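Just so it is clear, none of the values below were taken in a lab; they were calculated from the coordinates. Treat the numbers as computed from the prediction; the structure is a model and nothing was measured. Here the Cβ is made from the backbone with ideal geometry for all residues, glycine too, and neighbour counts use every protein chain on show.
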Amino acid sequence: MIRFQNLFKRYPGGHDALSDVCFDLNDGEMAFLTGHSGAGKSTLLKIISLIERPTRGQALLNNVNLAKIGKRRIPYMRRQIGIIFQDHQLLFDRSVFDNVALPLVIAGYRHQEIGRRVRASLDKVGLLDKEKQNPVTLSGGEQQRVGIARAVVNKPPLLLADEPTGNLDPELSWEIMRLFENFNQVGVTVLIASHDLELIKRMDHRILTLNQGRMFEQTSWELD
Amino acid sequence: MSKTKSAAGRGAADASQPNSRFTAYLLNHAQVFFSSLGKLYRAPMSNLMTVAVIGIALAFPMGLYVLLQNLQAVSGGWNGATQISLFTKMKVNDARAAELGQELRLLPEIESLHVLTRQEAMSEFQALSGFGEALEVLEKNPLPAVLIIHPNEANSSPAQVALLVEKLRQLPEIDIAQLDMQWVERLYTMMEIGERGIIVIAALLALAVLLTVGNTIRLDIQSRRDEIVIVKLIGATNAFIRRPFLYTGFWYGCLGGVISWLMIEISLSLLAGPVQRLAGLYGSDFSLATMNLLSGLGLLAISILLGLAGSWIAVGRHLNEIEPS
């Protein structure tokens, strides 16, 4: 699904965010991306979601070289990725339903199909009864779940999450992570950037660690 | 969990794929067409002000244009009434004058011709001038015969009439060919200046409309910056993002056009009464013509084009700057 080969990312000004990063994430795999803040986690996710371009080296998504994707094709590539943000990035001028429906509207689904899929997606995150509410009225955990519902509603093969539990208490965080595991169990590839080591330890998945732009793999008992 | 499976399952055979690109495209257009109107409706005051500015800016030159057209209609009537007076030489007698009249009536440029014999000229002069008794003293009639000519409607432009006068002046029997038309010519020239002036005003105000719409859309784009970033991140194309702003510009133009049409109609109906009374005082049955349907639709089309162009400029300049980071 994702393959990085000797990838470097240097920001203007000379800061090396990623140095010689190599890794593979197979179809259907679930992995955590961890490291201190500033270690390059966000940069790595931005390269996959075509927000940033690598300075050197290759990034492949579904065997497509991301460097070769022109500006006009970026939106279509992004539709294959469900992105979940720490601050959920919901639109507060519309209902929960309309927020979740947005990717489907963009992709041009039929009206009835949108209704069916949005409700299925909201049902999965346990918010079916809140579809008419404005996201502003929801709690932090609920807002994050709306964000997840929006990310999965068009069934992307890949989910990227950037600190999805950053603002949540441990119990809510655990629920959110279980939700990601559920998606992974039905075949979705999941990559979660998080520095919540306690939580990561409790879950048995691959752990990719970034330290000053370099990547190495750890097992959960090596974490500290 | 079977539900979970069906909704999140990757690559599962799915009968309900997105619409074809073309259908989706049309569907989105229709949806945005109405939703952008709804958006204007939800912030009525500020949008009404924008629309009113557009309406006034367009109503001003268009209203002037309609008034000018009215003036042209009136002066066209006067032009038809232009008359050419041919004074014959003194040696031409009444019989010859009548003969000449018959010949000239055959010219295609001439609508009607009236021959005033020397005797008729004399009695008219006596009656109107007040010199009646003094003229009695004269032994000979000092007045020549006069041929009064009305050029026909199709040949009544100043240039054509001038040509006709020149032609008639060449006739051996004619002493003086007089045309009381200089004032009509002046009026025509003034109207030409007016027309040019209206074009200049219209161009300036069209620019104002363009800038107003452009600026309003620019502010709209800036206030929705976060939203634009989010939809770009979930795979919206630039065209998809551009569309609501373009339709907003379309609606600004459309509503502005309607308002300016209304303003012109109301202003003209306010003027109609006094104008008719004034015309009545001149013994004319002239009444102020309002805008016809065609120029109204033209006004609307221009307004819509300006709205679209204004938003296009704003969108082109500002939308590409907004990228997720």
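A few notes on this one:
- Prolate/oblate/rounded label for chain B (Cα gyration tensor, a/c 1.5): prolate
- Shielding score for A:107-116, defined as the mean number of other chain Cβ atoms within 10 Å: 5
- Cβ-defined net charge surrounding residue A:193, 12 Å radius [Lys, Arg +1; Asp, Glu -1]: -1
- Listing A:168, B:37 from fewest to most neighbouring C-beta atoms within 10 Å gives B:37, A:168.
- Per residue, chain A reaches -10000 deg cm²/dmol at 222 nm when only DSSP H runs of four or more residues are counted, each adding -39500 (n - 2.57).
- Helix-derived mean residue ellipticity, 222 nm - over chain B, DSSP H n ≥ 4, -39500 (n - 2.57), to 500: -24500 deg cm²/dmol
- For chain B, built as a Gaussian network whose Cα springs stay under 10 Å, the top-fluctuating residue of B:191, B:49, B:263: B:49
- Per-residue Cβ neighbour rank within 10 angstrom, fewest leading, B:65, A:76: A:76, B:65
- Largest GNM mean-square fluctuation among B:308, B:233, B:67, using chain B with Cα springs under 10 Å: B:233.
- Hz values of 3J(HN,Hα) by residue in the stretch B:29-46 - Karplus curve (6.51, -1.76, 1.60), Gly and Pro given as x: 4, 4, 5, 5, 3, 7, 5, 5, 5, x, 5, 5, 5, 6, 10, x, 5, 5
- Modelled FRET efficiency - R0 22 Å, residue B:112 with residue B:289, Cβ distances, 0.05 increments: 0.20
- With contacts taken as Cα pairs under 8 Å and at least 6 residues apart, chain B reaches a relative contact order of 26 percent.
- Long-range tail of P(r) for the stretch A:92-155 (Cα pairs > 16 Å, %): 33
- Ranked by how many other Cβ atoms sit within 10 Å of their own Cβ, fewest first, the residues B:261, A:221, B:312 fall in the order A:221, B:312, B:261.
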